[in-house]
Amino acid sequence: MWIDNDFPKLLGAELYRPHPGYIIEMAVEPVVVHDFSKQPGQTVQLDRYRFWGNPGNKDSRERTADQTLGTASSRNIVKDKVLVNLKEYTGPADPTDATSPSTFKVARETLLTAQRLLLDTGNLNVFHQSIGSLTLLDDYRRWRDRVFADELFKAEANGNSSDAQGGYYFPGGSAKAAGNPVFTYGANVSAKFDVKTDLLQVVKDMRKRNVPTFSDGYYRCIADPTAMMHLRQNDAFREIARYAGNGMVNPMSPEQAPNANFFQGMGPAYGQAGFVAGQPVMPTGFLFEGVRWFESTNLPEKTINANIAVDAANAGAANYNIAPMLFFGPQAVGVGIGGNNAQILLNNNDDFSRFIIMIWSLFAGFEILNKDFITVAYSFVY
């Protein structure tokens, strides 16, 4: 029967369609291992490769004709095994308690009407709109998008980021205090993330600790809109963000104008360039100071206690919202997938064939792989 066989597949296929509003997984490019035989409770292995360290110099690697190399000092490729526990995830969730499961229910008559519309028009968007299934699909996409953001945030456990380790970064490179206020900024000292000082420091530290770049030669940043607003207050950043696609591109050397490539379609599409009509589009993907910038409204809201004296008369500790920016290189996050990947499941209890009750289900495990490849930066909102 169409409802039992084709409908779950039709809806399940939509789970994999990228959405321009949820671009974190696309930007992260996670390491993915898919084992169809694995079920929840079992593990999937991800590999994390490491460098050998000091390469020495030219003289230290020089060999003479009478020198025996031998095999006494053979070295294996160094890698860490990261075991990811597979768990079952489902949606939607109870609107009053995100930890409690819920279901998506559609009247059978509504679904049959939508089926006839699909057969008559061939328009998949009309079908989804008529039964409201876009709500279920949005729940999965939004949840999965947030999961990858949460994995990136785990790098904060490293402590204050530097040229030796990843971690958190607050304006001025300030370290967290043991008690409240966690941060103190004196009069006329900005607690907002600054392009000329903070951004350059973050990028410099990532380069010093040998964080690899993506295949296009750049790092990536996923920024909250408020943090992006603070960055746009810098004239140079604002001009790039506003007119990233300006200028002519030489087809023989498109890499010389990467921003124009992105907006004029001569380079790779970074997720938010192509979109389905009627879906939200966010203007991101431009390059600035060695970083490709993406904007997301799906980052968690956070607060922290700080003493920010904008001027001498406004001193005193208070809780401030902080807008996050996630800087990272490739291989920062991994995901292990078991079973059939994400799918739509129907409930056999249909109330005497009156309703279609369904959920989305996924067997997977998510894990941060390289904390040193990530810098979690913040800008105070005031």
Quiz item: Given the C-alpha centroids of the stretch 94-131 and the stretch 206-242, what is the distance between them in whole angstrom?
Solution: 39
Quiz item: PRE reach from Gln129 (point 7 Å along Cα→Cβ): which of the stretch 6-49 fall under 11 Å by backbone N?
Solution: none
Quiz item: If all Cα-Cα distances of the stretch 66-152 are sorted into 5 Å bins from 0 onward, what percent lands in each bin, rounded to whole numbers?
Solution: 3, 10, 12, 14, 11, 9, 8, 6, 5, 4, 4, 4, 3, 3, 3, 1, 1, 0
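For the pair Asp163 and Thr68, what calculated FRET efficiency results from E = 1/(1 + (r/R0)^6), where r is the Cβ-Cβ distance and R0 = 45 Å, to the nearest 0.05?
Working: r = 39 Å, r/R0 = 0.88.
That gives a FRET efficiency of 0.70.
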Exercise. Distance from a point 7 Å along Cα→Cβ of Asn340 to each backbone N in the stretch 131-172: keep the residues under 12 Å and list them by number.
Key: none
Practice problem: Could you calculate the FRET efficiency of Thr110 with Gln233 from 1/(1 + (r/R0)^6), where r is the beta carbon distance between them and R0 is 56 Å, rounded to 0.05? | Solution: 0.70
Quiz prompt | Computed over the stretch 145-229, the ratio Rg/Rh where both radii use C-alpha atoms and Rh is Kirkwood | solution = 0.97
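Which of the trypsin sites (Lys or Arg not before Pro) found in the stretch 61-132 are in a DSSP loop and have at most 13 neighbouring Cβ atoms, other than their own, within 10 Å?
Arg63, Arg75
Where a number appears in this text, it was derived from the coordinates with a stated rule and is not lab data. Computed from a prediction, not measured in an experiment: that's the story for all the values here. All Cβ positions, even for glycine, are placed from backbone atoms using ideal geometry, and neighbour counts span all protein chains on display.
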